[in-house]
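Reading through the structure tokens given below for one structure.
The values are calculated or read from the model by the stated rules, or taken from the named source; none is laboratory data. Given the structure is predicted, the values throughout are model-derived calculations rather than measurements. In this analysis, Cβ positions are derived from the backbone assuming ideal geometry, glycine residues included, and neighbour counts consider all displayed protein chains.
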Amino acid sequence: MATVILLLPVILPLISAQTLHWGPCPTPMVQPNFDLNQYLGKWYEIEKLPARFERGTCIEANYAIRPDHSIQVRNCQTYKGKVRTAEGTAVIQDIREPAKLGVSFSYFTPYSPYWILSTDYTSMAVVYSCTDVMRVFHIDYAWILGRSRILPPEHVFRAKELFYRDNIDISTMKPTDQSDCDKIL
């Protein structure tokens, strides 16, 4: 515990734009019988918890299978008038739980959780990620994704209900600006 307290001044600036909670990560239920092939393709970010790596507008992600059977993740956003992309890799870490992916955007970082809590594959997905820091606190990420840039309010409401069901605090979740994106991307 003393180590955690000593590390807080170093860690807190790094996570200042994230969502931090005390205690270990929750363990929500994920999509049963998840089918990766149906999930592949383009998804648009509808709402999210704050994340330092996603501060722009027109945020989207595209998932595709590579020849080595890993999953290419290509994220795109507009930030300060420029289109910015990031390419990463996702893997199914346990074939018994295919909705629990691991994602990394660098050869030097471990895979971070990317759990699909729910999806109908054609219109909406609810995604959660959490990183424990010595089980003292955790950093949450949560996304509501759509196959189109706008989702009906009832879909967003249903997605948020799933987070609440699993005791995931999304009180700081914000909509992503998806307006005028076709002119840019």
Pairs only if they're at least six apart or on different chains, beta carbon under 8 angstrom, first in region 127-151 and at positive phi, second assigned to a loop (DSSP other than H, G, I, E, B); list them, first residue then second.
Arg135/Gly23; Arg135/Pro24
Scope region 71-96; condition loosely packed, with under 14 Cβ neighbours inside 10 Å and small (Gly, Ala, Ser); matching residues:
Gly81
Pairs needed: first member in region 42-53, buried (at least 17 other Cβ atoms within 10 Å of the Cβ); second member anywhere, assigned to a strand (DSSP E or B) and of a type in the set (S, T, N, Q); C-beta distance under 6 Å; at least 6 residues apart or different chains.
Leu49/Thr19
Within region 74-89, does at least one residue satisfy the condition of being under 17 Å from the mean Cα position of the chain (by Cα), touching a residue at least 60 places away in the same chain (Cβ under 8 Å) and either under 21 Å from Gln38 (Cα atoms) or assigned to a strand (DSSP E or B) (or both)?
yes
Only one of Ala61, Ala99 is more than 16 Å from Ile168 (Cβ to Cβ) and surrounded by 15 or more Cβ atoms within 10 Å (Cβ to Cβ); which?
Ala61
Does region 110-120 include one or more residues that are under 11 Å from Tyr39 (Cβ atoms) and surrounded by fewer than 17 Cβ atoms within 10 Å (Cβ to Cβ)?
yes
So which residues in region 154-165 are loosely packed, with under 14 Cβ neighbours inside 10 Å and either acidic (Asp, Glu) or under 16 Å from the mean Cα position of the chain (by Cα) (or both)?
Glu154, Glu161
Considering region 8-36 alone, what residues qualify as being modelled with pLDDT of 95 or more, of a type in the set (S, T, N, Q) and out of contact with any Phe, Trp or Tyr (no Cβ under 9 Å at 6 or more places or on another chain)?
Asn33
Where residues in region 18-49 are among the hydrophobic types (A, V, I, L, M, F, W, C) and assigned to a loop (DSSP other than H, G, I, E, B), which of them is nearest to Cys76 (Cα to Cα)?
Leu40
Of the residues in region 50-66 that are outside any strand (DSSP E or B) and modelled with pLDDT under 95, the one that is nearest to Cys130 (Cα to Cα) is Pro50
On the basis of being over 15 Å from Ile139 (Cα atoms), at pLDDT 95 or above and of a type in the set (Lys, Arg), does Arg84 make the cut?
no
